[in-house]
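Let me begin by presenting the structure, written as structure tokens, before commenting on it.
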Amino acid sequence: MTETDTFTEPMETRVALHPFLAGMSRVHLALLTDCAMGVQFKKDDVIFREGEHANRFYLLETGEVILSAENSSGDPVAIDTIGAGDLLGWSWMFPPYTWRFSARATRPTKAIFFYGTILREYCERHPSLGYDLLKRMSAVMNRRMQAARDKMVAIHDHTEQLARLPRLSPFMERELDVVELTN
């Protein structure tokens, strides 16, 4: 459940000071501030679910969020954990505008919420804003894809190492089966 947050700084200041937006022009910051509001999530609050309509994004100020995707059995698989200073959600920017992951707060989290549908309109009217956001989001996407690549390579390496372990002889396998049956 989201709640409006209780930060004391004005939204203009919060937007301007967020690391994701560092160096952005005043005009662009003003447009972003126009469609922003503060929100907070309690531990275990679901922020969005995979497959739902994506119409917003968040800049995390405090806390931590886990991103997950469903495997073929429908169970959640942790993809990444992000925290303060990070961007959460870029699906609002790309058709078909649906979340590719689910996001859940793993501890109390405060964020700046941006209305993506309004922001898309601003990006159409102000292409330099859209380009600036796209460059920033692309850098985040690239960093996260590299991290996912590193994880996949590590899993592959681990799987190969397990495959190289010596196999039990058929006799030892039968002995283990007998032990399991007697226990």
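Straight-line reach from residue 42: which lysines fall under 22 Å, measuring Cα to Cα and dropping same-chain residues less than 8 apart?
The qualifying lysines are 110.
Could you point to the label whose value was computed as log10 I(q)/I(0) by the Debye sum over Cα atoms at q = 0.10, 0.18 Å⁻¹ for the structure here, given (1) -0.44, -1.12; (2) -0.50, -1.24; (3) -0.42, -1.26?
Answer by label: (2).
Within a Cβ distance under 9 Å of residue 50, other residues only, what is the Lys/Arg minus Asp/Glu net charge? If you can, show how the numbers build up before the last one.
Numbers: positive: 49, 100; negative: 52, 70.
Summing Lys and Arg as +1 and Asp and Glu as -1 gives 0.
For the range 84-104 and the range 14-44, compute the distance between their C-alpha centroids and round to whole Å.
16
Fully extended, how many nm does the chain gain between residue 50 and residue 150 (0.36 nm per residue separation, minus their Cα-Cα distance)? Numbers along the way, then the final one.
On the way: separation 100, 0.36 × 100 = 36.00 nm, distance 2.31 nm.
Length gained between residue 50 and residue 150: 33.7 nm.
Return the inverse of the average 1/r over all pairs of distinct C-alpha atoms in the range 95-147, which is the Kirkwood hydrodynamic radius, in Å to one decimal. Intermediate results must be reported in sequence, preceding the final value.
Numbers: mean 1/r = 0.0748 Å⁻¹.
By the Kirkwood definition, the hydrodynamic radius is 13.4 Å.
Which residue fluctuates most in the GNM of the chain (Cα springs below 10 Å): 91, 25, 68?
25
So if I place +1 on the C-beta of Lys and Arg and -1 on the C-beta of Asp and Glu, and nothing else carries charge, what would the dipole magnitude of the chain be about its Cα centre? I want it in debye, nearest 20.
It comes to approximately 560 debye.
Laboratory data are not the source of any read-out in this text; all were calculated from the coordinates shown. No experiment lies behind these values; they were computed from the predicted model shown. Virtual Cβ from ideal backbone geometry, glycine too; neighbours counted across all protein chains shown.
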